[in-house]
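Have a look at the structure below, then the notes.
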Amino acid sequence: MIFKYLLIFKIFLFASLANAEGRHVPCPVVSPVQGVFSASQIKKGSIVSVEDGDERYPLSLVMYDREEGVCHRKVIAKYSVEGAKPQVDSVFFAKMAGVVNLFVIVRWELRHSGLGTYGNLYQVYAYENNGGDYLIENKDVTENSEMTGVDGYVEHQVSIFRLKTANDVKNYIRRMR
């Protein structure tokens with residue numbers, strides 16, 4: 001009898017660990033106000049969500065994909081503290097080289113008045129389908145020096161970052177073609 005209870009306990013423990021690791025979780029409901037977006041443009045029925053993380057990586061970009069009635073959760077990216085906590089200003093889709101990408105504009109507040117540096121640090125990220133189930137970082141975007149910058153002051157000099165909005169980025173991408 002005790003072996004039967006141990007077996008049942010192991011099954012429940014395994015199921016709990018699977019949920020904790022994000023393999024099978026309830027799919028969130030699309031709600032842009034709460035940072036949950038349809039990602040059907042990239043993969044039918046998928047959802048992306050901006051979620052709270054931990055102390056080191058306060059924000060995460062997560063993709064949910066429903067298959068056979070089960071929702072699979074995959075962390076696509078984690079955004080770290082860079083002097084301040086990150087904030088996601090925009091999540092949108094746009095085509096690059098004929099492929100739909102998910103773009104995320106992340107912002108960190110800067111306050112280094114002794115160095116004459118303050119304002120906001122921006123980074124534009126893009127993610128594309130890896131040909132499988134999830135998204136991978138599009139290095140052509142994130143490694144492009146135009147996709148990061150400060151809007152404010154750097155060493156007492158005015159600095160303007162021109163890609164702070166979805167429309168700014170979409171216009172820039174159109175000019176790149």
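Read-outs: derived from the displayed coordinates by stated rules, not from any lab. Quick caveat, the model's predicted, so the values are computed rather than measured. Every residue, glycine among them, receives a Cβ derived from its backbone with ideal geometry; neighbour counts consider all protein chains shown.
Things worth noting here:
- Count - residues of the range 31-48 that are closer than 15 Å to Leu61 by Cα, surrounded by fewer than 20 Cβ atoms within 10 Å (Cβ to Cβ) and hydroxyl-bearing (Ser, Thr, Tyr): 2
- Among residues of the range 36-60 that are without any contact (Cβ under 8 Å) to a residue 24 or more places away in the chain, those with a Cβ under 7 angstrom from a residue that is among the aliphatic types (A, V, I, L, M) and surrounded by fewer than 14 Cβ atoms within 10 Å (Cβ to Cβ), sequence gap 6+ or separate chain, pair up as Val36/Val29.
- Number of the condition not met by Lys74 [criteria: (1) within 27 Å of Cys27 (Cβ to Cβ); (2) assigned to a helix (DSSP H, G or I)]: (2)
- Here the condition is being assigned to a strand (DSSP E or B) and not basic (Lys, Arg); of Gly131, Gly149, it holds for Gly149 alone.
- Subset of the range 77-102 [assigned to a strand (DSSP E or B) and within 24 Å of Glu55 (Cα to Cα)]: Ala77, Lys78, Tyr79, Gln87, Val88, Asp89, Ser90, Val91
- Taking every residue in the range 137-154 that is closer than 14 Å to Tyr172 by Cβ and without any contact (Cβ under 8 Å) to a residue 60 or more places away in the chain and pairing it with any residue that is surrounded by 15 or more Cβ atoms within 10 Å (Cβ to Cβ) and among the β-branched types (Val, Ile, Thr), at least 6 positions away or on another chain, the pairs with Cβ-Cβ distances below 6 Å are Met147/Val124; Met147/Val141.
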